[in-house]
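Just so it is clear, none of the values below were taken in a lab; they were calculated from the coordinates. Predicted, not measured: the structure shown is a model, and the values here were computed from it. Cβ coordinates were reconstructed from backbone atoms using ideal geometry, including for glycine residues, and neighbour counts include every protein chain displayed.
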Amino acid sequence: MTTRYKMVCPHCGGENVSKDATARWDVEQQSWLISGMHDGEHCDDCDVELKRILEVEIPLDQAVMAPFSVDQMSAMEEDCGLPGGALDDKYNPEGDGEHPVISRQMWRQAVEQHETISGYWDWTAHKIAEETAPQG
Ligand SMILES: [Zn+2]
């Protein structure tokens, strides 16, 4: 998966930014195609010209889609087969804890995207099983 970016105004942090470009009419496609990008950038919310639009990685998507490192994979292999309750006991003795690889943020994202209705630890157990399963 490639990293996704969003373009953000450095003043207000908003995404209502635009960039000047030249468009040329394409007879084949019957539409205006961008043929050149220029330096002029503008924030609609601040109503100012910008020197530079900020390019920001979209971290949540990346966290979910990023391939795991070797260390993270071995941490998950160690926990593979443990049910949610056992993970809870192992990493969450005080409450408030989270798994070192599968973060609560990742779980919240999955809940928001309606991928799961499970609680955090059950989802983590499921996720670990999924990630450590031999690739077919
Ligand atoms: Zn702005």
Checklist line | Residue list for the stretch 1-30, restricted to those being of a type in the set (Gly, Ala, Ser), surrounded by 12 or more Cβ atoms within 10 Å (Cβ to Cβ) and assigned to a loop (DSSP other than H, G, I, E, B) | finding: GLY14
Check: Which of the residues belonging to the stretch 40-58 are assigned to a strand (DSSP E or B) and free of Cβ contacts under 8 Å to residues at least 24 places away in the same chain?
Finding: GLY40, GLU49
Check: Are any residues in the stretch 16-44 under 24 Å from ILE58 (Cβ atoms), in contact with a strand residue (DSSP E or B) (Cβ under 6 Å, 6 or more places away or on another chain) and within 16 Å of the ligand (Cβ to nearest atom), and if so, which ones?
Finding: VAL17, SER18, LYS19, GLU41, HIS42, CYS43
Next item on the list: Return the only residue of ARG104, ARG108 being away from the ligand (no atom under 16 Å from the Cβ), over 22 Å from LYS6 (Cβ atoms) and of a type in the set (Lys, Arg).
Entry: ARG104
